[in-house]
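Contents: one structure, followed by commentary.
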Amino acid sequence: MVLMEKIYTIFNLLLSTGLAFEIPVIQIILSLLGIISSKQMLSIWRYVVVLSTVIAAILTPSTDPITQTLFTVAVLLLYFSGIGILFFIGK
């Protein structure tokens, strides 16, 4: 029983981290399709901060704020790097 919980936790962390690293790719695809622009993404940054904090609180297995903050910062860095890439390519 304990082994299955550990496997579930590891799988959850791997999946959530893998999905987080897809954020810039999704941003570029959405921008190239004309669905959203980098300026629109930049205008909603406050909502992204709140949403990433909530998602980090749900996905991190421990309740300590350091792990949740690190996950939030990683997601935000990926989000803003995606916006930076879009500014660089002019979308």
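Per-structure values
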quantity	calculated
Solvent-accessible area of ILE26 with every protein chain in place, 1.4 Å probe, in Å² to the nearest 10	90 Å²
Cα gyration tensor shape of region 50-91, rounded if a/c is under 1.5, else prolate or oblate by comparing a/b with b/c	prolate
Relative contact order [Cα under 8 Å, 6+ residues apart], the chain, whole percent	42 percent
Span-rule helices in the chain, defined as complete DSSP H runs reaching 18 Å or more along the axis (Cα) with Kyte mean at least -1.0	2-20, 45-59, 65-89
Rounded percent of accessible protein surface that carbon and sulfur make up, region 1-63, 1.4 Å probe	78 percent
Full-stretch length increase - SER16, SER62 - with 0.36 nm per residue and alpha-carbon distance subtracted	15.1 nm
P(r) histogram, all alpha-carbon pairs of the chain included - 5 Å bins from 0, percent	2, 14, 21, 21, 16, 11, 7, 4, 2, 1, 0
Total formal charge among the other residues, if their Cβ is under 14 angstrom from that of GLY84, Lys/Arg +1 and Asp/Glu -1	+2
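The values are calculated or read from the model by the stated rules, or taken from the named source; none is laboratory data. What you are looking at is a predicted structure, and each value in this text was computed from that prediction instead of being measured. Glycine gets a Cβ as well: all are built from the backbone with ideal geometry, and neighbour counts include every protein chain shown. Surface areas here come from the heavy atoms of the whole protein model, side chains and all, with no ligands, DNA or RNA. Shrake-Rupley method; radii C 1.70, N 1.55, O 1.52, S 1.80 Å.
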